[in-house]
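One structure, as structure tokens, below. Some questions next.
Read the figures in this text as sums done on the coordinates, not as results from a lab. In this text the structure is predicted, and so the values were computed from the model without any measurement. Neighbour counts are summed over all protein chains in view; Cβ atoms, including those assigned to glycine, are modelled from backbone coordinates with ideal geometry.
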């Protein structure tokens, strides 16, 4: 099942969180760039978490651009596997970061928060990553 279908099943109460995360990790996502020269990604901070925007297809991405009033603008973006996004990009973000998929799709948005099982444990807010120090 593709990610959008898995999101719909999950939101309807019929999904499985493991299947959902698996589909997310296998999906090729479109991630808008805020700055092509630095590779900075478009994101927002809410509740102390930086949410990186990702889209399952160009139509979802276009709805996001229209919602921002920026449909006429050219949007550079990365095509990246969800697994690479959480395993390689999230650890590079300063502070907790999650992925917001299809944020402009009413009824189709899904948040993948910075918790164990989604992001690396070293980046998860629900894992104690404190310095153990010497005993």
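Take residue 66, project a point 7 Å from its Cα along the Cβ direction, then tell me which residues of segment 98-114 have their backbone nitrogen under 19 Å from it.
The answer is 101-110, whose backbone nitrogens lie closer than 19 Å to the label point.
Just to confirm my numbers, what's the Cα centroid distance between segment 111-125 and segment 1-37 in Å?
15 Å
Who wins for biggest fluctuation among 40, 54, 100 in a Gaussian network model of the chain, springs between alpha carbons below 10 Å?
40
Calculate for the chain the 222 nm mean residue ellipticity that helices alone would give, adding -39,500 (n - 2.57) per DSSP H run of length 4 or more and normalising by residue count, nearest 500 deg cm²/dmol. Mind dumping the intermediate values first?
Values: 3 runs with 29 residues, N = 135.
Taking each H run of at least 4 residues, the total per residue is -6000 deg cm²/dmol.
Write down the radius of gyration of the chain and its Dmax, each obtained from C-alpha positions, in Å.
Expressed in Å, the Cα Rg and Dmax of the chain come to 15.5, 59.
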